[in-house]
Amino acid sequence: MQVKSPMKSRWKAGWILLVVFSILGGCQLRIQYPSELPSEEVIVEELDYWYWGTEGDPSFEIYDRCPQGRVYETRMEASFTQGLVSVATLGIYTPRTLTITCSLRGAPPQE
């Protein structure tokens, strides 16, 4: 009769939990400026990062993308599918979505 090592079972359970939480847990960073008002202008970009986010161009000027440089909200997130891709490639390829909501104060007046 073969006796299973409790240490192996714990490691296996730990890896399973790590994979499940990595897939289910979304990654999101949100910055909102409460003194601004949201407009209908929303900019969405898909960004590619490599090696767990260490490679790729993470620097950009979000203020250049909205009228008069006024930003209401910036959100960097990974969708469920993007999380699956990241886990499947062991973090070598990590796609993210950048969403910029411009401020109403910087928009030209509507006629």
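Bear in mind that the values in this text are calculations on the coordinates, not laboratory data. Bear in mind that the values here come from a model prediction, so they are computed numbers and not experimental data. FYI the Cβ positions are ideal-geometry reconstructions off the backbone, even for glycines, and counts take in every protein chain you see.
Remarks
- Phi angles across segment 37-42 convert, under the Karplus curve 6.51 cos²θ - 1.76 cosθ + 1.60 with θ = phi - 60°, into 3J(HN,Hα) values of 10, x, 10, 8, 7, 10 Hz, Gly and Pro given as x.
- Equivalent ellipsoid, segment 27-103 (semi-axes from 5 times Cα gyration tensor eigenvalues, Å): 27, 12, 9
- Chain lengthening between E45 and D57 when straightened (0.36 nm per residue, less Cα-Cα): 3.0 nm
- Whole-Hz ³J(HN,Hα) from phi, Karplus 6.51 cos²θ - 1.76 cosθ + 1.60, for segment 63-73, glycine and proline x: 5, 7, 9, 10, x, 6, x, 9, 10, 8, 8
- For R70, nonlocal amide neighbours, meaning residues 5 or more places apart or on other chains whose placed amide H falls under 5 Å from its own, are S103.
- Here the dipole of segment 27-103 is about 220 debye; that uses its Cα centre as origin and unit charges on the Cβ of Lys and Arg (positive) and Asp and Glu (negative).
- Net length gained if the chain between I92 and R105 were fully extended (0.36 nm per residue, minus Cα distance): 0.7 nm
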